[in-house]
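**Q** Handing you this structure, nothing more for now.
The values are calculated or read from the model by the stated rules, or taken from the named source; none is laboratory data. None of the values given here were measured: they were computed from a predicted structure. Quick reminder, even Gly has a Cβ in these numbers, built from the backbone with ideal geometry, and neighbours come from all protein chains shown. Each accessible area value is taken on the protein alone, full model and side chains, heavy atoms only, with ligands, DNA and RNA left out. Shrake-Rupley method; radii C 1.70, N 1.55, O 1.52, S 1.80 Å.
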Amino acid sequence: MQSIELFKNKIASPAKIVITTHHKPDADALGSSLGLKNYLIKKGHEVSVITPSDYPSFLHWMKGNDEVINFEAPDQKEKAIQVIKEAEIIFCLDFSCLSRLQSMEEYVKDSEAYIVNIDHHQDPKDFSQFRYWSTEAAATCELVYELIVKIGDKELLDSDIADCLYAGIMTDTGGFRHPNTTKNVHMITAELIALGADNTKISKLIYDTNSVNRLKFIGFAISRRLTINQDLRIAYFAISKKDLKKYASQTGDTEGLVNYALSIDGIKIAALFTEREDGIKISFRSVEDVAVNKFAQENFNGGGHKNASGGKSDLTLTETTEKFEKLIKENINTLYNQLDLIHEKN
């Protein structure tokens, strides 16, 4: 892995750059991508952001969003492939293995470009020439800010870049509620606000902007699709394709739903099972002392962070939830602190 000084020299001269992130980007993925793009443009580079798929409309306010190329859009795929082929540098943000690109993977893998990986997930694969990586970081946006400062370009940061980076840090810390909200997080977000990040506006755009259908869907999910098992300390939503169609669900409409399950008193693990055309998408959340990343990796072809992980299943929706409950029951002693459970029961 090359040093920061060598990386700094690599981006010193104008180049054709592609920035990409994982399938179904969240605020950290898109915020780090557009924040980095707006910075690199100031250094004279020709920069394109290509996402492997669409993403929630509540992220469309970020500067540069109107120029993002969606690889899955039929009218943009050919352009995306050509831009990747011409790229001299490719930044891979907020993912640790190329498979997270899904249908884009082969094109990035075949590229002769200089590959940069900036990420905070565990177990990164060796696919880049330069990696700036730390699992101690709450968000990839945090690392993008640090890297820009380390190479001496803090003066190039402006309010638009600060907005993008702030959004990613805010959401990946759960609105600064999760255990990953460190001293460093607060110091960086303070710097971003000083640079002009509008924290009130960003919070409203992401957390307090809903369609009527989404609010109706959340109410339906809580009242009709929430399962609670106090004995196993779990709660989960099982959302079918029919449910999504009934409420005209858009990308991002299930965002944050799993947190309602985790908020129930006594629950240690929450999950959201969403039926899609290509299988069951799973989101896991857990309280601070319970790790779900290993559980997701071993049982649902997934992974992620200790308290926030994802996975997938090729079983039916019912079979997947039954498998989940069975696995929790079989592994309850290793997943939870058994002494705590005994104490609670007494």
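**Q** Note down all Cβ pairs under 6 Å where the first residue falls in segment 52-78 and is under 24 Å from Y39 (Cβ atoms), the second is buried (at least 16 other Cβ atoms within 10 Å of the Cβ) and aromatic (F, W, Y), and they're at least six residues apart or on different chains.
**A** P52/F71
**Q** If K125 passes every condition in (1) touching a residue at least 40 places away in the same chain (Cβ under 8 Å); (2) touching a helix residue (DSSP H, G or I) at 6+ places or on another chain (Cβ under 8 Å) but one, which one does it miss?
**A** Evaluating K125 over (1) touching a residue at least 40 places away in the same chain (Cβ under 8 Å); (2) touching a helix residue (DSSP H, G or I) at 6+ places or on another chain (Cβ under 8 Å) leaves (1) as the failure.
**Q** Then there is this: Taking segment 117-150 as the search range and keeping residues that are acidic (D, E) and part of a helix (DSSP H, G or I), which one is most open to solvent (accessible area, probe 1.4 Å)?
**A** Of everything passing the filter in segment 117-150, E146 is most open to solvent (accessible area, probe 1.4 Å).
**Q** Next question, about the same structure. For K281, which of the numbered conditions (1) open to solvent by 70 Å² or more (accessible area, probe 1.4 Å); (2) under 20 Å from E255 (Cβ atoms); (3) in contact with a helix residue (DSSP H, G or I) (Cβ under 7 Å, 6 or more places away or on another chain); (4) not acidic (D, E) fails to hold?
**A** Unmet condition: (3).
**Q** Within segment 273-296, work out how many residues are among the polar types (S, T, N, Q) and over 19 Å from the mean Cα position of the chain (by Cα).
**A** Residues flagged as among the polar types (S, T, N, Q) and over 19 Å from the mean Cα position of the chain (by Cα) within segment 273-296 amount to 0.
**Q** Name the one entry in D158, D172 that is over 17 Å from the mean Cα position of the chain (by Cα), open to solvent by 30 Å² or more (accessible area, probe 1.4 Å) and at pLDDT 95 or above.
**A** Being over 17 Å from the mean Cα position of the chain (by Cα), open to solvent by 30 Å² or more (accessible area, probe 1.4 Å) and at pLDDT 95 or above holds for just one of D158, D172, which is D158.
**Q** Quick one: which residue in A238, A248, A270 is loosely packed, with under 14 Cβ neighbours inside 10 Å, within 24 Å of the chain's Cα centre (by Cα) and outside any helix (DSSP H, G or I)?
**A** A248
A quick yes/no check of all residues on (1) closer than 23 Å to Y145 by Cβ; (2) part of a helix (DSSP H, G or I):
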residue	(1), (2)
A12	yes, no
K37	yes, yes
P74	no, no
I81	no, yes
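**Q** With the structure loaded, tell me whether Y107 is in a helix (DSSP H, G or I), of a type in the set (F, W, Y) and open to solvent by less than 20 Å² (accessible area, probe 1.4 Å) or whether it fails that test.
**A** no
**Q** Given S263, S313, S249, which one is at negative phi and free of Cβ contacts under 8 Å to residues at least 12 places away in the same chain?
**A** Every option except S263 fails the conditions.
**Q** Would you mind stating whether T209 is out of contact with any Asp or Glu (no Cβ under 9 Å at 6 or more places or on another chain), among the hydroxyl-bearing types (S, T, Y), under 28 Å from W61 (Cα atoms) and not in a loop (DSSP other than H, G, I, E, B)?
**A** The answer is no for T209.
**Q** Being among the charged types (D, E, K, R), within 22 Å of D94 (Cα to Cα) and either in contact (Cβ under 8 Å) with a residue 24 or more places away in the chain or out of contact with any Cys (no Cβ under 6 Å at 6 or more places or on another chain) (or both): is that true of R276 here?
**A** No, not satisfied.
**Q** So if I check each of K306, K294, which one is among the basic types (K, R), free of Cβ contacts under 8 Å to residues at least 12 places away in the same chain and open to solvent by 40 Å² or more (accessible area, probe 1.4 Å)?
**A** On inspection, the qualifying residue turns out to be K294.
**Q** Can you tell me which condition S99 does not meet? The list is (1) under 23 Å from K312 (Cβ atoms); (2) open to solvent by less than 60 Å² (accessible area, probe 1.4 Å); (3) out of contact with any strand residue (DSSP E or B) (no Cβ under 9 Å at 6 or more places or on another chain), and all the others hold.
**A** All conditions are met except number (2).
**Q** Output the number of residues of segment 5-23 satisfying the condition of being over 12 Å from K37 (Cα atoms), of a type outside the set (D, E) and open to solvent by 50 Å² or more (accessible area, probe 1.4 Å).
**A** The total comes to 7.
**Q** Name the residues in segment 309-331 that are of a type outside the set (S, T, Y) and open to solvent by less than 30 Å² (accessible area, probe 1.4 Å), would you?
**A** Scanning segment 309-331 gives G310, G311, L317, F324, L327, I328.
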